[in-house]
Amino acid sequence: MLYKVTPMMPPPATKEPKAREAGQPRKRRKSAIFDAEGHEVLISLMCLKCRTLKPLAQFGLRKMADGAIRNQPWCRTCRSGAGKPKEKVEENVVAAVANLQVVPAPAVAAEEDEAPVALASQG
C-alpha cells in the first residue's frame, strides 16, 4: 500500500484581539445587508417610543431568554435618555415652592361659627 505523506504545516498565526483602551468606544457591528443581486438594502424600523422611522443601525440587539437575538424596540437616542431623571420637573417644583406666599386667614368671630352648627344639629 502506498501512503501519501504530506509535510507538517505550521499552524496558522492567530491574531490576538487588541484590548481596547480605557474610554474608547466598542467597535460597532457591521449592519449592511445585501440582497441576492449584491445591492445594499437599507432596512428601517419604527421606534416604539418616539414613533419615528430610523435605520436598523440605530437599534441595538437584545438577547432573549430562549437564546434568540432580536432588535431593541427603542432607538439608541430614546434608550439613552430613558434612565436619566427629568431635570425640568424638579426645577418647576422648586420654582413653584419659591413663589408660594403665606397669607393670614381673616379673623372670624367665634359666635358666628357656633350658631350654624347648633342649628344644623337641631334640624
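The values are calculated or read from the model by the stated rules, or taken from the named source; none is laboratory data. Note that this is a predicted model, so its numbers are computed, not measured. Please note: Cβ atoms are built from the backbone with ideal geometry, for glycine as well, and neighbour counts cover all protein chains shown.
Observations on the model:
- Only one entry of I43, I69, I33 meets the criterion of being at pLDDT below 85 and under 26 Å from the mean Cα position of the chain (by Cα), and that entry is I33.
- The set of residues from the range 47-77 being under 18 Å from A32 (Cα atoms) and in a strand (DSSP E or B) comprises L53, K54, P55, F59, G60, L61, I69, R70, N71, Q72, C75.
- Pairs with Cβ under 8 Å, 6+ apart, first in the range 8-37 and among the aliphatic types (A, V, I, L, M) and in a loop (DSSP other than H, G, I, E, B), second exposed (fewer than 10 other Cβ atoms within 10 Å of the Cβ) and modelled with pLDDT of 80 or more: A32/E40
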